[in-house]
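Asker: One structure follows; several queries about it will come next.
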Amino acid sequence: MYQLHDSIPFATDLKTVKEELEFLRLLVDTDSRSKKNDGVQAVQNHLATRLRSLGFEVRLHAHPTKDSADLLVATLPGSLPFQVTHIGHADSVLGVSSRYRFSLSEGGKIATGPGIADNKGGLLVALRGLEDFVRSHTMRPTLVFVSSPCEETGSIGWHDLFKEIGNASQVLLGFEPSLPNGDIIRCRNGNRWYKIQIKGKPFHAGRFGEPALNAAHEAAMKICELMKLGDEEKRIKVNIGSLKGGDGLYNIICGQTELMLDTRFPCFESRDELHEKITAIIAKSFTHCLISGIASQSLYCLEDDCPPMPLSRDPWGFTDSYLKQLQEIEGQTYRGVSTGGAADINYFSDGRQFCLDGLGPIASGMHTIHEKIDVSSLFTRATALKQFLSHLSFEPHTLTRSQG
């Protein structure tokens, strides 16, 4: 039997808890790794069924190059003059296996499984909160629910549509998991991925007097300079995720290398400053052929360009309102914090909308076989969403479409 977390009170009957955990089991035990399109599509279809039952109009958008399953966008028009968009994703990093699937701890306090925190638990929080809100409120804003099929690989192909939906929204709510201590996310770093290719001139390593230029040496010099650009105090991170080069031989001077560079930044200004420094390092040749004097050649392309989610304006006190409601529900004090990780909500936000993320369950171990959630937080966070949407609806003149 499903036993609820004794220290966190909430008004959810046991029958509902059991039904929702069975739905969560259905999602988690569907293998929806990002490139497993049939599994991702199955999750999207389960979401679509529930949203249609609430009266949402659901559209499934085919990927422009067929690289992923469909994007789900569901809309429920409202009578208030603003739009609230709820953001999650159907794909996961790890897939289901005979040993790794949905499971509950003894007593039912902790649930584990692939993608249970990131992002299937968050999807359930959003669905449960929306259902409770819609069924109890006739006066409400336009509600939009977006579920990406490929967030874990950057949601490539959807960024223009995300921006379009974001421009029409005044409130953006992300359902990535909260931090392990229960804090929610007020701002996120952006990230850029640089693929850097360095071309040298290969030759026999033992011969003298012939032109040669080692691309690995050039890469090492560039890496040393790139690593100096990180600044923890300014929340700027620079990391080489992959380094490849040469022909796998000892006695041939390395003729080409490829670097995959990940950068993280808190604002557009730091992004632009960092980009200028990175491109200067890429353009500079640190090594030259001793015989011919030729320099190495380096090129780059941007594989992903995710903007930051800046700290949003909040003259209405929405953040404090949400945190106060959460404290009353869970009996704990939480904060709205910044984090270095990017998420889909970054693509929706341009600084004009009110944004909150990390509204999914309390979780830990994301992207590992130890991914887990606090079961009670599925329902407390859903209740917090319902109450937050109620608060927005009782203040109908604080937001208008013109603000988007």
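Asker: How do the strands (runs of 3 or more DSSP E) wholly within segment 303-384 filter down when requiring 1 or more residues that are in contact with a Gly (Cβ under 7 Å, 6 or more places away or on another chain), in the same structural domain as Val125 (by TED's automatic domain parsing) and under 20 Å from Asp91 (Cβ atoms): which remain?
Answerer: Correct list: 372-374.
Asker: Could you please let me know if Glu106 is of a type in the set (D, E, K, R) and either in contact (Cβ under 8 Å) with a residue 40 or more places away in the chain or crowded, with 22+ Cβ neighbours inside 10 Å (or both)?
Answerer: No; evaluated as a whole, the condition is false for this residue.
Asker: Looking only at segment 196-217, filter to residues that are of a type in the set (A, V, I, L, M, F, W, C) and surrounded by 12 or more Cβ atoms within 10 Å (Cβ to Cβ); which one of those is farthest from Ile281 (Cα to Cα)?
Answerer: Ala205
Asker: Could you please give the count of residues in segment 65-83 that are hydroxyl-bearing (Ser, Thr, Tyr) and touching a Pro at 6+ places or on another chain (Cβ under 9 Å)?
Answerer: 2
Asker: Which residues, taken from segment 36-90, are farther than 22 Å from Val134 by Cα, hydroxyl-bearing (Ser, Thr, Tyr) and crowded, with 16+ Cβ neighbours inside 10 Å?
Answerer: The one that is farther than 22 Å from Val134 by Cα, hydroxyl-bearing (Ser, Thr, Tyr) and crowded, with 16+ Cβ neighbours inside 10 Å: Ser68.
Asker: Let me ask another. Quick one: how many residues across segment 331-361 are modelled with pLDDT under 95 and over 20 Å from the mean Cα position of the chain (by Cα)?
Answerer: 2
Asker: Can you tell me which residue within segment 342-396, out of those that are over 14 Å from Glu330 (Cα atoms) and of a type in the set (Asp, Glu), is surrounded by the fewest Cβ atoms within 10 Å (Cβ to Cβ)?
Answerer: Applying the filter and picking the extreme gives Glu395.
Each row is one residue, and each column tells you yes or no for (1) touching a strand residue (DSSP E or B) at 6+ places or on another chain (Cβ under 8 Å); (2) of a type in the set (Asp, Glu); (3) touching a residue at least 24 places away in the same chain (Cβ under 8 Å).
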position	(1), (2), (3)
Thr279	yes, no, no
Ile294	yes, no, yes
Leu311	yes, no, yes
Asp320	no, yes, no
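Asker: Could I ask something else about it? What is the residue count in segment 15-44 for residues that are in contact with a Gly (Cβ under 6 Å, 6 or more places away or on another chain) and not charged (D, E, K, R)?
Answerer: The number of residues fulfilling the criteria is 3.
Asker: Continuing with the same structure: Find the residue count for segment 1-36, including only residues that are outside any loop (DSSP other than H, G, I, E, B), modelled with pLDDT of 85 or more and out of contact with any His (no Cβ under 9 Å at 6 or more places or on another chain).
Answerer: Final tally of qualifying residues: 12.
The values are calculated or read from the model by the stated rules, or taken from the named source; none is laboratory data. Predicted model, so just to flag it, every value in this text is computed and none were measured. Using ideal geometry, Cβ is built from the backbone for each residue, glycine included, and neighbour counts are taken over all protein chains shown.
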